[in-house]
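Undergrad: Input: one structure, supplied below.
The values are calculated or read from the model by the stated rules, or taken from the named source; none is laboratory data. Because the structure is a prediction, the values reported are computed rather than measured. No Cβ is skipped: glycine too gets one built from the backbone with ideal geometry, and neighbour counts run over all protein chains shown. Surface accessibility is based on the protein's heavy atoms, side chains included, excluding ligands, DNA and RNA. Shrake-Rupley method; radii C 1.70, N 1.55, O 1.52, S 1.80 Å.
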Amino acid sequence: MSEILQEVLAANQKYAANFGDRAKLAKPAVRHFAVLTCMDARLDPAKFAGLAEGDAHVIRNAGGRASDDAIRSLVISYKLLGTREWLVIHHTNCGMEFFTNDLMRGLLAHSLETAALTEKGCQDVGKGPGSRAGEFIEWLTIRDQEQSVRDDVQRIREHPLVPG
């Protein structure tokens, strides 16, 4: 077992042992809203949105983008759990701003090993084989931060499963 896994399991055991009354919290978000935001490890949605456990549903992915899966989660939050409001929160210096679909597809086609992040951008340092399967994925990269938020909000608003 890896050292990280051991640390996470120990932390989880401590968390579960002290869970107490939080186990009685209802599944619906107490404040009836959800946040769609980035998975960036530097961000803590509870802190930047002033959330306590049980307050809101938090959906995270690379870039905080309104992907099909993010919309799936938002619709479940609304339809089954009574969420009435959604917030789309992107952030400055997001990693999704620093590459393109073509770059990602090229890196994956060359090698499946982790690329190096250099001053010149992402550099593939791995040896093949790679995979062309990345050509079939829309990576939802970000060229313009403000526009990406507008695009995501519009996509959510116009989705046929999202209420008016």
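Undergrad: Per residue, how much accessible surface does the chain expose to a 1.4 Å probe? Answer in Å², no decimals.
TA: Working: 11300 Å² over 164 residues.
Per-residue value: 69 Å².
Undergrad: Here's a follow-up. By the gyration tensor of its Cα atoms, with a ≥ b ≥ c the square roots of the eigenvalues, what is the shape of region 53-164: rounded for a/c under 1.5, prolate for a/b over b/c, or oblate? Please list the in-between numbers first.
TA: On the way: a/c = 2.42, a/b = 2.10, b/c = 1.15.
Judged from the Cα gyration tensor, region 53-164 comes out prolate (a/c at least 1.5, a/b above b/c).
Undergrad: In whole angstrom, note down how far apart the Cα centers of region 78-111 and region 15-32 are.
TA: A separation of 28 Å, based on Cα centres.
Undergrad: Separate question: Please sort 35-42, 10-17, 117-124 by packing, taking for each peptide the average over its residues of neighbouring beta carbons within 10 angstrom, highest first.
TA: On the way: 35-42: 17.0, 10-17: 9.6, 117-124: 11.4.
Order by mean packing, descending: 35-42, 117-124, 10-17.
Undergrad: Oh, and also: Against the longest alpha carbon principal axis of the chain, how many degrees, from 0 to 90 and to the nearest 10, is the axis of helix 3-17 turned?
TA: 10
Undergrad: How much FRET efficiency would the formula 1/(1 + (r/R0)^6) give for N101 and R60, where r is the Cβ-Cβ distance and R0 is 22 Å, rounded to 0.05? Each step should come with its number before you reach the end.
TA: Values: r = 21 Å, r/R0 = 0.95.
It comes out at approximately 0.60.
Undergrad: Determine by what factor the alpha-carbon radius of gyration of region 1-101 differs from 2.2 N^0.38 Å, reporting the quotient. Walk me through the intermediate numbers first.
TA: Details: Rg = 15.7 Å, N = 101, 2.2 N^0.38 = 12.7 Å.
Normalised Rg, Cα atoms only: 1.24.
Undergrad: A further question follows. Using θ = phi - 60° and the Karplus form 6.51 cos²θ - 1.76 cosθ + 1.60, what ³J(HN,Hα) does each residue of region 55-62 get, whole Hz, x for Gly and Pro?
TA: 5, 8, 8, 10, 10, 10, 8, 5
Undergrad: Does anyone have the angle between helix 145-158 and the longest principal axis of the chain? Alpha-carbon axes, 0 to 90°, nearest 10?
TA: Helix 145-158 sits roughly 60 degrees off the main axis of the chain.
Undergrad: Evaluate 2.2 N^0.38 Å with N set to the residue count of region 82-131, then give the Cα radius of gyration divided by it.
TA: Dividing the Cα Rg of region 82-131 by 2.2 N^0.38 Å gives 1.61.
Undergrad: Suppose every Lys and Arg Cβ carries +1 and every Asp and Glu Cβ carries -1, with no other charges. What dipole size does region 1-68 come out with about its Cα centre, to the nearest 20 debye? Mind showing how you got there, number by number?
TA: Details: 9 positive and 8 negative charges, 45 e Å.
My answer is approximately 220 debye.
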